[in-house]
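Down below is the structure, laid out as C-alpha cells.
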There are 2 protein chains.
Amino acid sequence: MTSTNVTRSICILGLGLIGGSLMRDLAARGVHVYGYNRSGAGARAANDAGFDASDDLADTLRRAEEDKALIVMAAPMPAIPGMLDAIVDHAPSCGFTDVVSVKAEVYALVKERGLQDRYVGGHPMAGTADSGWSASQEGLFTRAAWVITYDHAPDASDEWISLWTDVVRMILAVGADAIPARVDHHDAAVARISHLVHVFAETLAIVGDNGGALAQSLAAGSFRDSTRVAGTQPSLVRAMCETNADAVVVALDEALDLLNDARASLAKPRPDISQLADSGYAARVRFEARHGARGESVSPVKISSRPLLRLHPGAAGWVSQLVQAESLGARIDIF
Amino acid sequence: MTSTNVTRSICILGLGLIGGSLMRDLAARGVHVYGYNRSGAGARAANDAGFDASDDLADTLRRAEEDKALIVMAAPMPAIPGMLDAIVDHAPSCGFTDVVSVKAEVYALVKERGLQDRYVGGHPMAGTADSGWSASQEGLFTRAAWVITYDHAPDASDEWISLWTDVVRMILAVGADAIPARVDHHDAAVARISHLVHVFAETLAIVGDNGGALAQSLAAGSFRDSTRVAGTQPSLVRAMCETNADAVVVALDEALDLLNDARASLAKPRPDISQLADSGYAARVRFEARHGARGESVSPVKISSRPLLRLHPGAAGWVSQLVQAESLGARIDIF
C-alpha cells in the first residue's frame, strides 16, 4: 500500500470550486466519494456530470456515519458552525477536516464543541477567482500546498492519528503537497501571502478606477495581474480577512511602515526609493528561486520544489518532526 | 496610403526590450529601420539576428540626419539627457520621440534645450519584467496602449504636425493603440495604474519574505502574480517612481487612506472591511468589462476595446478632438 492509497470513503460537504475539484480528482483515482451541496442546482449539475451528490445534508451525513467516511467541510467560514452542529447530530463518530483559509477560528468552533479528537484542520492553497461547481476542475491541486494542522498531536488518541494519516493520504492522492503547520503559524503565514494580497488588490483596483477613463485605458498587464483577486466575491474576501483580523493587522502594519517610508522618500526634494526597490527585488528573486522548479518548468511532470520529510504518524518524536517540517515549509510523506 | 504606412526611416536609440521589439516589428512590416545600442554585445546580437545596428551613437545619428529619419529614444530616463545632447549635435534637424514611462521630466529636458517643435512624447504600455535585446520579441505591442503627447499642438508648426502624424503611423504600424494624452495627465494616470503597482509589489514581496520558509512555501498564484513586477530591475523601478514622484505621492496617499481605514476596521472587536471589499470588487468588475474584448477573447484576432476617434492632424478643432479622446482614453486614427 502506498501512502496515497485512500481506503476510507470521502464525504464532501460543499461542491464548489474546492469541493467539486476534490470530488473530481478523488473519483478519477477510484476513491469512493460522494457529497452534499446546499443548492439543488449545484447538486444536480454534479449528478449530471456523473457524480454522487445530494442537497440533503442530514441524509448525506447519516450515510457518512454508516460508511465511517472521512468528512470534508468544503465550505467557507460562515457555513462552518452549522456544518459542525449537523455532524454532531447526524455523523457522531466520523472524523472530519475542512478547507477554510483561516484555521484559528475554525479550531475555536471545534473546541467549543469538544471535537478536537475528531478534527484535523486543512487548507489547500489553490483556487481561482471563480467559484461554484461550474468552476471545479480536475488537477486543481497538483503541487499546490495543502496545509494540515497538528496542534492536537501531543494529546492525540490512536483514532486521531489514524484520521490525520487518512487526511494526508487524501491530500497526496490529489497530487498536492501536505504541509504541516499549527493553527496560529498557518494564520500568520497566510495573512502575509494571501489575505494581505487581497487587501492590496482591492486598494489598487479602487485607486486605478479613481483615475477615470484615461487611467483605465492605459492599465496593462501589471495592473491586471495585481488586481486579479479583487475579482473574488467580496463575501469571500471578508470571510478570509475578518476572521483572521489579528494576523492581517500584523502584516498590514509591516506593509504600512514600508509604504509610509516610501511616501516620505518620494516627497523629498531628491526622491529615493532605493531601499524599497532593492529589498523588494531581492525578496522576489528569493521567491522565484524557491519556486523555480514549480513555476517555470516546461516539463509536463510538475516536480515539487519543497523539501520532503518522511514520518511515521504516532512514532516516538513525530511531533518534533512535524515542528521541523513546519519551520522549513516542508511537505511530508508517511510510511 | 493607409494610416499605418510609415514612409520615413526610423532610427532607434537603445535596442532593449522596447527598442528591440519595435525594430523587429517595423522590419517585419518592411519599414527602413536601424539603430544604436550602447553595449557592443547588444548591437552584435541584433546584427546576428539580421538587423542593422551599431554601437556608435554619433555615427548612427549622422546617418539619421542624412535620411531625415524619425528618431526613437528607446532608453530609460537616466540616458535621455545625453541622447538629447547627441541629437542636438549630430542630428540637428531630425524629429524625435521617446518611450520613457514618465513624460513631464522628459518634456522639461526637451524644453530646456528649446526642442519642443521637434519632439513628440511617447509611452508604450507594454513590457515584461525582463530587459535587453534578448527579451525583445515580435508582436509585443499588439493592442497595447501607446500614449502620444500633444501639449505642443496649439503652438505647432506644420513640421511638428507632420512629425506627430508620423509617430502615430509608426505606433499603428506595430499594432498598438495610439492614445493621446497631455504630459501631466499621462503622468497622473500611470502613477495609479503602473508606478503604484510597482510600489505595492515591492512591499508585498518584502512582507511575504519576512514570513520565512512556511509563508514562502504556502505562497501561491495570487502572491506570485501580485509580486511579479517586483522582479523588475530596481534601477528601472526607481527611474519610474522617482521621476514621477509628485504624481506617485498623490496615488499613494489615496491608497494609504484606504489601507489605514481597512486597518482600523480590522482592529475593531467586530472587524468589517465590507467597504473596501465591495468597492474593490466593483472597480475590478468595471475594469474587466472595459478590457473584456482585449483580455479574454479566444479569437486569434485581438480587437481593441477602446473607443476610436478619427482625426485630421492640423485641421480646425483637432486639439479639441485630442482633448476629447484623452478624456475617454480613446485611441485615434488619422486620415
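Filtered by the rule that a residue be over 15 Å from the mean Cα position of the chain (by Cα) and of a type in the set (Lys, Arg), the range B:167-205 gives a lone residue, B:Arg169. Among the conditions (1) more than 24 Å from B:Asp225 (Cα to Cα); (2) more than 13 Å from every other protein chain (Cβ to nearest Cβ), A:Gly175 misses just one, which is (1).
The number of residues in the range A:125-155 being more than 14 Å from chain B (Cβ to nearest Cβ), closer than 30 Å to A:Ala315 by Cα and among the small types (Gly, Ala, Ser) comes to 1.
Going through (1) at pLDDT 95 or above; (2) outside the structural domain of A:Thr203 (by TED's automatic domain parsing); (3) of a type in the set (Gly, Ala, Ser) one by one, A:Ser297 falls short only on (1).
Please work out if B:Ala205 is within 7 Å of chain A (Cβ to nearest Cβ), among the aliphatic types (A, V, I, L, M), touching a Gly at 6+ places or on another chain (Cβ under 7 Å) and touching a residue at least 12 places away in the same chain (Cβ under 8 Å). Criteria met by B:Ala205.
Look at (1) within 26 Å of A:Gly280 (Cβ to Cβ); (2) of a type in the set (A, V, I, L, M); (3) more than 7 Å from chain A (Cβ to nearest Cβ) and you find that B:Ala213 fails only one, number (3). Taking the listed residues A:Asp117, A:Asp85, A:Asp98, A:Asp89, the one that is touching a strand residue (DSSP E or B) at 6+ places or on another chain (Cβ under 7 Å) and acidic (Asp, Glu) is A:Asp98, with no other qualifying. Screening the candidates A:Arg228, A:Arg290 for the property of being within 7 Å of another protein chain (Cβ to nearest Cβ), over 23 Å from A:Pro180 (Cβ atoms) and under 25 Å from the mean Cα position of the chain (by Cα) yields one hit, A:Arg228. Filtering the range B:181-202 down to residues that are without any contact (Cβ under 8 Å) to a residue 40 or more places away in the chain and over 13 Å from B:Met125 (Cβ atoms), which residue is nearest to the other protein chains (Cβ to nearest Cβ)? It comes out as B:Glu202. Every test in (1) out of contact with any Ser or Thr (no Cβ under 8 Å at 6 or more places or on another chain); (2) at pLDDT below 95; (3) within 10 Å of chain A (Cβ to nearest Cβ) is passed by B:Leu236 save one, and that test is (1).
When A:Ala53, A:Ala46, A:Ala79, A:Ala104 are checked against the criterion of being crowded, with 22+ Cβ neighbours inside 10 Å, touching a residue at least 60 places away in the same chain (Cβ under 8 Å) and out of contact with any Cys (no Cβ under 7 Å at 6 or more places or on another chain), a single residue qualifies: A:Ala46.
Of the listed requirements (1) within 27 Å of B:Gln216 (Cβ to Cβ); (2) more than 16 Å from the chain's Cα centre (by Cα); (3) in contact (Cβ under 8 Å) with a residue 60 or more places away in the chain, A:Asp151 misses just one: (3).
Within the range B:5-64, being closer than 15 Å to B:Val167 by Cβ and of a type in the set (Val, Ile, Thr) holds for B:Val6, B:Thr7, B:Ile10, B:Ile12, B:Ile18, B:Val31, B:Val33. Out of curiosity, is B:Ala247 facing chain A (nearest Cβ under 7 Å) and more than 22 Å from A:Val285 (Cα to Cα)? Criteria not met by B:Ala247. If we scan the range A:54-68, do we find a residue that is among the small types (Gly, Ala, Ser), touching a helix residue (DSSP H, G or I) at 6+ places or on another chain (Cβ under 6 Å) and modelled with pLDDT of 95 or more? Checking the range A:54-68: at least one residue is among the small types (Gly, Ala, Ser), touching a helix residue (DSSP H, G or I) at 6+ places or on another chain (Cβ under 6 Å) and modelled with pLDDT of 95 or more. Only residues that are among the basic types (Lys, Arg) and either surrounded by 15 or more Cβ atoms within 10 Å (Cβ to Cβ) or at the interface with chain A (Cβ under 7 Å from one of its Cβ atoms) (or both) were counted across the range B:250-277, and they come to 1.
The values are calculated or read from the model by the stated rules, or taken from the named source; none is laboratory data. Just so we're clear, the structure is a prediction, and the values are computed from it rather than from any experiment. Methodologically, a virtual Cβ is constructed for each residue, glycine included, from the backbone with ideal geometry; neighbour enumeration extends over all protein chains shown.
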